[in-house]
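What follows is a single structure, written as structure tokens, with notes after it.
A short reminder: the numbers here are calculations on the coordinates, not readings from a lab. Remember, it's a predicted structure, so these values are computed and weren't measured experimentally. Glycine also receives a Cβ, built like all others from the backbone with ideal geometry; neighbour counts cover every protein chain displayed.
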Amino acid sequence: MNHNARTLVGMTANPGCGRRTLLDACGADKDAIATQAGFAWPFGQSPFAISRGKSFEASITEHGGAKLLTLLRDLLDLPLPEVAYKPVDEVGGNAQRELRYQQTCKLLLEAARGGDWPGTLFDHPMLRLTVGGVQVYLEPDVIAFKVKDLFYVVEIKSFPVIDRQADPDQVAAAIRQASVYVIALREMLAAHGLDPAMVASSVILVTPKGFSNSPVATLTDARKQIAMLVRQLRRADNVSDLLNEVPDDTTFDLRPNELGVATRAAADLVNHLLRIEARYRPACTQHCEMAALCRDEAVRGDSLDLYGTGVSDVFNGVDSASTARALAAGTRLPSLDQQDVARTLRRAQRLLNELGGVA
């Protein structure tokens, strides 16, 4: 399965979406499915952002992670005269994932059982995580730092921190990605009879200071994000309830021909996708390949989900904008669970009418 930290984070960004949960649980290629359905959505980082990120990361990790070590010493107040550096991006020139995973396991378990070792940097370990009952590889985008009896996950990002402030959405996404690695490391330790609490619940973010390449490190509590991810991963492991609500003949097979070209009719594929309940949110456009399809569905259904949870949560019991307008105008009788919202809407409509009259 082709999961990485970004795709797993996407699973948790909208945990109420059955469509995303089911597609992720079966390891479906959402990008290919969305494209064949006629709802391709540009997703992922721009080439410039990827290039900047790689350049910044390389500047931090070169020379055995010397620059990173300086940051960690200051951040964690560690008197480390010497630190071991263990690159795991390949094994004897071989970058095969299973081989790298086995080497990562060997090194991390040795460190975990080694007691109060000197600090050790593990550069780009290959990890695995159980998703939907299947073990998937995580593409390496992390450094595990072990000091004393704790492992810390270090996430290097290229977005700037200006006056100690960074874009909150980017920070939140980075913490969630680092949390994926915390869970994977804990799963590895637990599988070998070691205490998963050896992996710290605080993660270290390394970002540029201002618009320069001068780095700054921040220790951030990720307990909330870790707990959220664990809950969502458990949900992915228990998709039987979702499957029970889906017709037995539902399939996302793109029916490739002998040349590997998808032949599935777009209308038929969309029909099968719409059998699964979605929960569209504006933020879906930032992390899900199915966003265009789900947004189109929400538009056609006049759904309040288009306006985000801040609106849909306020209008509890009201599922469409047309219903909200009718309740505000008094042309629709509210149901029992809509009465409080209807009173608020009518009051707001009166105020709006009065303001319009003054204008």
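Please report, to two decimal places, log10 I(q)/I(0) for segment 47-234 at q = 0.11, 0.14 Å⁻¹ as given by the Debye formula with identical point scatterers on the Cα atoms and no solvent. Log10 I(q)/I(0), no solvent term: -0.46, -0.77.
Summary value for the chain: 20 percent relative contact order, contacts being C-alpha pairs under 8 angstrom separated by 6+ residues.
Our compactness index for segment 62-104, the C-alpha radius of gyration over the empirical 2.2 N^0.38 Å, is 1.49.
Scaling against 2.2 N^0.38 Å puts the C-alpha radius of gyration of segment 180-334 at 1.49. For segment 310-358, what log10 I(q)/I(0) values come out of the Debye formula at q = 0.17, 0.20, 0.28, 0.30 1/Å, with one point per alpha carbon and no solvent? For segment 310-358, the Cα-only Debye profile gives -0.47, -0.62, -1.05, -1.15.
For segment 234-283, what D do you get in µm² per second when you plug the Kirkwood radius from alpha-carbon pairs into Stokes-Einstein at 10 °C and 1.306 mPa s? Write out the running numbers ahead of the final one.
Numbers: Rh = 13.0 Å.
Value of D from the Cα-based Kirkwood radius: 122 µm²/s.
Whole-Hz Karplus values for segment 257-267 come out as 7, 5, 8, x, 8, 5, 10, 5, 5, 4, 4 Hz, taken residue by residue from phi with 6.51 cos²θ - 1.76 cosθ + 1.60 and θ = phi - 60°; glycine and proline positions read x. In terms of packing, defined here as the mean over residues of other Cβ atoms within 10 angstrom, the peptides 103-110, 339-346 line up highest first as 103-110, 339-346. Spin-label pair residue 333-residue 63: with each label point 7 Å from Cα along the Cα-Cβ axis, the two points sit 7.9 nm from one another. Normalised size of the chain, defined as Cα radius of gyration per 2.2 N^0.38 Å with N residues, equals 1.18.
Annotation: the residues 86, 148, sorted from fewest to most other C-beta atoms within 10 Å of their own C-beta, follow the order 148, 86. Convex hull volume of the Cα atoms of segment 133-247, normalised per residue: 138 Å³.
Relative to the longest principal axis of the Cα atoms of the chain, helix 291-300 runs at roughly 10 degrees.
Neighbour counts of other Cβ atoms within 10 Å put 67, 157 in the fewest-to-most order 67, 157. Residues 33, 226, 143, 162 in ascending order of nearby Cβ atoms (within 10 Å, fewest first): 162, 226, 33, 143. Once the Cα atoms are used to define both axes, helix 97-113 deviates from the longest principal axis of the chain by about 70 degrees. Here the Karplus relation 6.51 cos²θ - 1.76 cosθ + 1.60, evaluated at θ = phi - 60°, turns the backbone of segment 339-345 into coupling constants of 5, 5, 5, 4, 4, 5, 5 Hz, with x for every Gly and Pro.
Using θ = phi - 60° in the Karplus curve 6.51 cos²θ - 1.76 cosθ + 1.60, the 3J(HN,Hα) couplings for segment 307-320 round to 9, x, 5, x, 8, 5, 5, 5, 8, 4, x, 10, 9, 9 Hz; x is entered for Gly and Pro. Near residue 290, no amide H atom lies under 5 Å from its own; only residues 5 or more places off or on other chains count, and H is placed 1.01 Å from N.
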